[in-house]
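Asks: Dropping the structure in here first, questions after.
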Amino acid sequence: IVTVTAYGAYTFRWTENKGACKSSDDIAVNFYQPPDANAGSGGSECDLDFELGAISGSSAGTGTWTLTSGTGTATFSPNANSPNATVTVSEYGTKVFTWTVTNGPCSNSSNVTVDFYQQPVADAGAGGNNCGLDFYLNAIPSIGTGTWARVSGPGTASFSPDSHNPMAKVTVNDYGTYVFRWTEVNGPCTSTASVTVVFAEQISANAGIGGDECDRDFLLNAVSGPGTGTWSKVGGPGNATFNPNPNQYNATVTVTQSGSYDFAWTEFNSSCTSVDIIRVVFHTAPSINAGPDASVCKGSSIKLQATGSGTFLWSPANLLSNPAISDPVASPVVTTLF
């Protein structure tokens, strides 16, 4: 084993002697310094670009960046051999980048993790002059978790169902001008927007009560106020029409498919606007068939054969083995309609 004091190219000669005879042979050996790879620090980014920061070692060699974990693709600028390259990825998420330094046949690698988050863009929606102490906020969510907060105003404010709902109903305890802030957070990335609402001491809209319906029609029941009222659909899986028109406080709303719907009754007058929202759930009526008619000898029993979905209830119950199942055993004493 030969040990040298400095890296580089060496030639070694092996010489054999026997009497007056001598023979030699040479070999070449290249000694390379082992590279030291240090990928630097990772972090979090609120877009798709991140400036890498590999730390160059004391040894010679060429470093190269590669994407070794994470979805999508990555490009490096000005090139993948730059220790401080800016990497641009095609998708958000967690990525692992590897910095590999090569010196001749020797190599060494180091990893760094970067989390790419989409930057939220907060939109608090519209404010305005509101009649009464209740106002339905209308933020347009982008990405991450949103939260409402009262910034200023003469009274306190509460949010229903909670402050994270972009369309939360805010209730204040005093009339006046209020500012509400909508903040969206996605990892370390944040965005805020504010909206101003003036709560005027006037009668607020009353949309009545919602409910459950076993078809696709529902009789709305708003309380008509001093202003002009209008019905509109603010949520639901299908379309909605109002008969005779959306300005009728007790219009019949018809939807195109079953599901949960939110309807807003909006009243306008010369100085302010007010909105109240109700929820109506349109259920699909269960299908049911009582089964075929049957004949049975007096004193005997027969199994009924209903089909359908949901829960069941037969009547008259006293002549059945179990009135709450689809196929009970019936024991009629006279001709009976079940």
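The values are calculated or read from the model by the stated rules, or taken from the named source; none is laboratory data. Just so it is clear, the structure is predicted and the values come from calculations on it, not from any experiment. As a convention, Cβ positions derive from the backbone with ideal geometry for all residues, glycine included, and neighbour counts pool all protein chains shown. Only protein heavy atoms, including side chains, enter the accessible area calculation; ligands, DNA and RNA are left aside. Shrake-Rupley method; radii C 1.70, N 1.55, O 1.52, S 1.80 Å.
Asks: Which number in (1) open to solvent by 30 Å² or more (accessible area, probe 1.4 Å); (2) farther than 30 Å from Ser270 by Cβ marks the one condition that Asn138 misses?
Replies: Here Asn138 meets the rest and fails (2).
Asks: I need the full set of residues from segment 251-273 which are of a type outside the set (Val, Ile, Thr), closer than 23 Å to Asn129 by Cα and surrounded by 14 or more Cβ atoms within 10 Å (Cβ to Cβ), in order please.
Replies: Within segment 251-273, Asp262, Phe263, Ala264, Trp265, Glu267, Phe268, Asn269, Cys272 meet the criteria.
Asks: Would you confirm whether or not segment 176-189 contains a residue that is within 27 Å of Ser271 (Cβ to Cβ), among the small types (Gly, Ala, Ser), free of Cβ contacts under 8 Å to residues at least 24 places away in the same chain and touching a Gly at 6+ places or on another chain (Cβ under 7 Å)?
Replies: Yes, segment 176-189 has at least one match.
Asks: Look through Ser321, Ser301, Ser309, Ser326 and report the one residue that is open to solvent by 50 Å² or more (accessible area, probe 1.4 Å) and under 25 Å from Cys214 (Cα atoms).
Replies: Matching residue, one of Ser321, Ser301, Ser309, Ser326: Ser309.
Asks: Okay, next question. From Asn130, Asn108, which residue is of a type outside the set (Val, Ile, Thr), touching a strand residue (DSSP E or B) at 6+ places or on another chain (Cβ under 6 Å), closer than 20 Å to Val179 by Cβ and open to solvent by less than 60 Å² (accessible area, probe 1.4 Å)?
Replies: Answer to the check: Asn130.
Asks: Going by the structure shown, is Val179 open to solvent by less than 50 Å² (accessible area, probe 1.4 Å) and closer than 30 Å to Thr66 by Cα?
Replies: no
Asks: In this structure, does Val151 turn out to be of a type in the set (Val, Ile, Thr), modelled with pLDDT of 95 or more and open to solvent by 50 Å² or more (accessible area, probe 1.4 Å)?
Replies: Considered against the rule, which asks whether it is of a type in the set (Val, Ile, Thr), modelled with pLDDT of 95 or more and open to solvent by 50 Å² or more (accessible area, probe 1.4 Å), Val151 comes out as yes.
Asks: Here's a check for you: in segment 219-250, which residue that is under 31 Å from the mean Cα position of the chain (by Cα) and more than 25 Å from Cys131 (Cβ to Cβ) is surrounded by the most Cβ atoms within 10 Å (Cβ to Cβ)?
Replies: Within segment 219-250, the match that is surrounded by the most Cβ atoms within 10 Å (Cβ to Cβ) is Gly236.
Asks: Please return the ranges of strands (runs of 3 or more DSSP E) entirely within segment 249-338 where 1 or more residues are of a type in the set (Phe, Trp, Tyr).
Replies: Counting at least 1 such residues, we get 259-268, 273-282.
Asks: Could you tell me how many of the residues in segment 99-120 are assigned to a strand (DSSP E or B) and either closer than 30 Å to Pro34 by Cβ or more than 22 Å from the chain's Cα centre (by Cα) (or both)?
Replies: 14
Asks: Has segment 50-66 got any residue that is among the acidic types (Asp, Glu) and within 30 Å of Ile1 (Cα to Cα)?
Replies: No, segment 50-66 contains no residue that is among the acidic types (Asp, Glu) and within 30 Å of Ile1 (Cα to Cα).
Asks: Something else now. Can you give me the number of residues within segment 182-218 that are open to solvent by 50 Å² or more (accessible area, probe 1.4 Å) and over 23 Å from the mean Cα position of the chain (by Cα)?
Replies: 11
Asks: Could you please find all residues in segment 219-278 being among the aliphatic types (A, V, I, L, M) and within 25 Å of Thr196 (Cβ to Cβ)?
Replies: Matches in segment 219-278: Val234, Ala264, Val275, Ile277.
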